[in-house]
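Here the structure is laid out as structure tokens; the discussion comes afterwards.
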Amino acid sequence: KVEEFDLRELGRIATRKAEDTIHQEILRYRRDMIFERYQTRVGEIINGSVHRFEGGSVWINLGQAEALLPEKERIPGERYQVGATLRAYLFNVEKTGGDPRLMVSRAHPGFVESLLAIEVPELDRGLLKIEAIAREPGVRTKVAIRSLSPDIDPVGTCVGPGGTRIKGIVRELHGEKVDVVR
């Protein structure tokens, strides 16, 4: 039931309290919306721009939210510039007293798996399956892949003609060596 009344009937303190309550509810709703939006995207690559640095960690602006790229989740030797676009793997979303904390990584094996899924459509179609990924961030990655169809060569499909598919991944990983094995 909606009831209209004149705000002038309330005192200054009651008006201020009503204003604060409405403001807090809007903030809570916004935080819940951000949490729900990103909770469903855990395990995906997200794009953002480098916003600021805090110790060894990097804050990435995603538009409506900020994500934290901790120092241990960075590829060793990578340097970032404020404003530069960055792709990272969203691995955790947690509620806090304020805005939800979005944790991203460029060192997580899931980052390589997601990059492969983007470059190799046969993975999405279910013709190939990644069995395991071993990674030493900044140095090398080994991907064990299996073909679910006898007509498809798993290694050749992932590498692509002339290495085009794997080169895109190596470029994103700043020259990290990527080996694809049966």
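Each value in this text was obtained by applying a stated rule to the coordinates, not by laboratory testing. Keep in mind that this is a model prediction, so the values were computed, not measured. Every residue, glycine among them, receives a Cβ derived from its backbone with ideal geometry; neighbour counts consider all protein chains shown.
If you place +1 on the Cβ of every Lys and Arg and -1 on the Cβ of every Asp and Glu, how big does the dipole about the Cα centre of segment 1-152 come out, in debye to the nearest 20?
380
Which pairs break 26 Å Cα to Cα here: 95/129; 129/167; 95/142; 95/177; 95/167? Among 95/129; 129/167; 95/142; 95/177; 95/167, the Cα-Cα distance tops 26 Å for 95/129; 95/142; 95/177; 95/167. Ordering 20-29, 111-120 by mean Cβ neighbour count within 10 Å, with the highest value first, yields 111-120, 20-29.
By DSSP, the beta bridges lying fully in the chain are antiparallel in about 80 percent of cases. Protection proxy ranking for 102-110, 170-178, using the average of other Cβ atoms within 10 Å per residue and placing the highest first: 102-110, 170-178. When peptides 33-39, 78-84, 162-168 are ranked by their average number of other Cβ atoms within 10 Å per residue, the highest-first order is 33-39, 162-168, 78-84. The gain in end-to-end length when the residue 82 to residue 10 segment is fully stretched comes to 21.1 nm, 0.36 nm per residue minus the alpha carbon separation.
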